[in-house]
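Please treat every number below as a calculation from the coordinates, not as lab data. These numbers were taken from a predicted model, which means no experiment stands behind them. All Cβ positions, even for glycine, are placed from backbone atoms using ideal geometry, and neighbour counts span all protein chains on display.
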Amino acid sequence: MPLILISGFPSSGKTHRSQQLLTEFTSRITASREPRVQRLKVHHISDHSLGLSRDVYHAARSEKDARAAFSSAVKRVLGPDDIVIADGMNYIKGFRYQLYCEAKAVQTPCCVLQIGTPVEKCREINSRLLATPDEDGGYSEEDFENLVFRYEEPNGMSRWDSPLFTVLPDDENPPFDQIWEAIIGSDGRKIVVKPHQATVLKPATDQNYLYELDKTTSSITTHILTWQSDRPGETGLEIPIPDVSSPLTLPTSPVTLPQLQRIRRQFITLNRQHALDKNRIAELFVEFLNDQFGRG
């Protein structure tokens, strides 16, 4: 059933808002007379529930392992009768895309709730938590600033960040009704999510698949660099990509080789285990590039 991704700065109040959702949705399920709603269960998954220390964000390796543990926990409970509140940092758009794909794989809705607490307020809260040993401590100052710097804000124009809801510090509650409508539906109508080639996760059985994934993304990367070198200073333009119907929109500053390689590696990592239609790889990579450039 539905996946609710919580996203926000460290010490922004993500767990408080998650607990509000947990209480509200559990109450609605208990009070409902609809059989399909009565079957629902609500799961709250967080770093704390998984026994993950805030110190995991101090090193790349431990942070990667923590994300893997979080993702695995979410996947274990995603099902037809479960609402999953993923109360994690979820600050990397590629990680949100990965969880979005997991939800699409089981044909269930997904939405993002952004906790819109300003960074100055988060810094104040974090400092207070660090100074209060009896509290559930904050992040070290170094880790806090690093996480804020690397935070990739959700974008409602991206399919994996949509629908996007925002709750501000002065809001008494999250937008319960809108979130419920988006992921559960109303008047007895169930939200139906149709799988498609971009997000249906199936084993990559074709021996040539990884070769095609590497070859196609490499070819597009080379095409972008060649186009730029032939037209120095021309930025922010739409450029055609061979065999792709939609153009690629360049950012307002020149794209570098390391930047393209990083995005390409991220796309391959997200899709190497999932057999996309080989004829769609180029289209999806260009779409992924456009989103990355638009958010950079």
Review point. In a GNM of the chain with a 10 Å cut-off on Cα contacts, which of LYS14, LYS104, LYS278 has the highest mean-square fluctuation?
Key: LYS278
Study note, to complete from the structure: Charge dipole of the range 31-173 built from unit charges on the beta carbon (Lys, Arg +1; Asp, Glu -1), centred at mean Cα; most positive-end Cα among MET157, TYR100, PRO80 is PRO80
Study note, to complete from the structure: Per the 1/(1 + (r/R0)^6) rule, R0 = 30 Å and r from the Cβ atoms of ASN279 and THR235, FRET efficiency to 0.05 is 0.50
Practice item. Please say if the range 209-295 is rounded, prolate or oblate, where rounded means a/c under 1.5 for a ≥ b ≥ c the square roots of the C-alpha gyration tensor eigenvalues, and otherwise the choice is prolate for a/b larger than b/c and oblate otherwise? Key: prolate
Exercise for review: Please identify, among VAL112, VAL37, VAL74, the residue showing maximal mean-square fluctuation in a Gaussian network model of the chain using a 10 angstrom Cα cutoff.
Suggested key: VAL37
Exercise for review: Go ahead and set up a Gaussian network model of the chain, Cα springs under 10 Å, then flag whichever of SER46, SER218, SER18 fluctuates most.
Suggested key: SER218
Review point. Which number gives the lysine pairs in the chain that have C-alpha atoms under 18 Å apart and are eight or more places apart or on different chains?
Key: 16
Exercise for review: With +1 on each Lys and Arg Cβ and -1 on each Asp and Glu Cβ, and nothing else charged, work out how big the dipole of the chain is about its Cα centre, in Debye to the nearest 20.
Suggested key: 1020
Review point. In the set [x] 1.08; [y] 1.28; [z] 1.01, which value of Cα Rg over 2.2 N^0.38 Å was calculated from the structure you see?
Key: [x]
**Study point:** Helix-only CD estimate at 222 nm, as mean residue ellipticity for the chain, using -39500 (n - 2.57) per DSSP H run (n ≥ 4)
**Key:** -14500 deg cm²/dmol
**Study point:** Listed residues SER11, VAL255, ALA31: farthest to the positive end of the dipole of the chain (Cβ charges)
**Key:** ALA31
